[in-house]
Amino acid sequence: MITGFGWKWLEAGIPYTGRELSSRWVTAHTGQDGDTAVLFMGECHVATEDLVDNDDREAGATIEAAAMLHVVIMHPGCDLRSAVLRQRLLVCILCESLASREVTTERRGDDVFVDERKLTVSIAAPSSDACLIHLGINTDPAGAPVAAIGLEELGVDPHDLGDELMTRYAQELATAAYAETKVREVD
């Protein structure tokens, strides 16, 4: 059960390489070892050998963007299936948040597209002591290996969006945890 979920913004300019998808990295930057998230702005350069997605790795893919809003979430004691579902919940919240800003999105699994251009990258992965989620939202997609779009072009402030995402995600976790406590077993 989630009893509290917090997040911390880091200074801008931190590049994401894929190695930040680590519970030790999250704990080192938040001082927390429970359910928590780190948000930061920075470029994205994930080399093939650092990809967590085996299909992408085998295809020799890379992830590139001049600037992204990065969200790295850590959930200790969470199994991978639950982490994937939480990842998809986060992506759905992103789509709803963008819709409230009159941005029409299309979600395909854990990817978000606007006008057939990719807005996000995302992965959920297990570690030895937690499951982790990375959601990267393009702010400036320059250098992306696919047709992409960013928050700058959409006129969306990444800091406001990040705070809204985390507030709503924390509310969903808390209300889901409460929902577990208020039902009785059935036959």
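The values are calculated or read from the model by the stated rules, or taken from the named source; none is laboratory data. This one's a predicted model, so the numbers in the text were calculated from it and none came from an experiment. Neighbour counts run over all protein chains shown; Cβ positions are idealised from the backbone, glycine included.
For region 57-68, does any single residue satisfy the condition of being assigned to a helix (DSSP H, G or I) and not acidic (Asp, Glu)? Step through it out loud before you land on a result.
The first filter runs over region 57-68 and keeps only residues assigned to a helix (DSSP H, G or I), leaving 57-58.
Checking which are not acidic (Asp, Glu) leaves us with 57.
Yes, region 57-68 has at least one match.
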### Task
Select, from Arg19, Arg88, the only residue that is basic (Lys, Arg), in a loop (DSSP other than H, G, I, E, B) and within 15 Å of the chain's Cα centre (by Cα).
Arg19
### Options Leu119, Leu132, Leu154; residue that is modelled with pLDDT of 95 or more, of a type in the set (A, V, I, L, M, F, W, C) and over 23 Å from Val52 (Cα atoms)
Leu154
### Query
Taking region 4-52, which residues are more than 14 Å from Met74 (Cα to Cα), exposed (fewer than 15 other Cβ atoms within 10 Å of the Cβ) and touching a residue at least 40 places away in the same chain (Cβ under 8 Å)?
Trp9
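Here is a list: Leu119, Leu154. Which entry is out of contact with any Pro (no Cβ under 9 Å at 6 or more places or on another chain) and more than 25 Å from Asp33 (Cα to Cα)?
Values: Leu119 fails: out of contact with any Pro (no Cβ under 9 Å at 6 or more places or on another chain).
Just a single option satisfies the conditions, and that option is Leu154.
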#### Entry: Residue in region 69-120 that is surrounded by the most Cβ atoms within 10 Å (Cβ to Cβ), counting only those that are polar (S, T, N, Q) and closer than 19 Å to Thr139 by Cα
Thr120
### Query
Within region 121-146, which residues are among the hydrophobic types (A, V, I, L, M, F, W, C) and surrounded by 21 or more Cβ atoms within 10 Å (Cβ to Cβ)?
Val121, Ile123, Ala124, Ala130, Cys131, Leu132, Ile133, Leu135, Ile137, Ala144
### Message
Out of Arg117, Arg108, I need the residue that is of a type in the set (Lys, Arg), without any contact (Cβ under 8 Å) to a residue 40 or more places away in the chain and either closer than 19 Å to Cys92 by Cβ or touching a helix residue (DSSP H, G or I) at 6+ places or on another chain (Cβ under 6 Å) (or both). Which one?
### Response
Arg108
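Just checking, how many residues over region 140-187 are small (Gly, Ala, Ser), part of a helix (DSSP H, G or I) and more than 20 Å from Leu10 (Cα to Cα)? Don't jump to the end; show me each part of the working.
Kept after step one, since they are small (Gly, Ala, Ser), are these residues of region 140-187: 142-144, 147-148, 150, 155, 162, 170, 174, 176-177, 179.
Of the ones still in play, those that are also part of a helix (DSSP H, G or I) are 162, 170, 174, 176-177, 179.
Cutting the leftovers down to more than 20 Å from Leu10 (Cα to Cα) gives us 174, 176-177, 179.
Qualifying residue count, region 140-187: 4.
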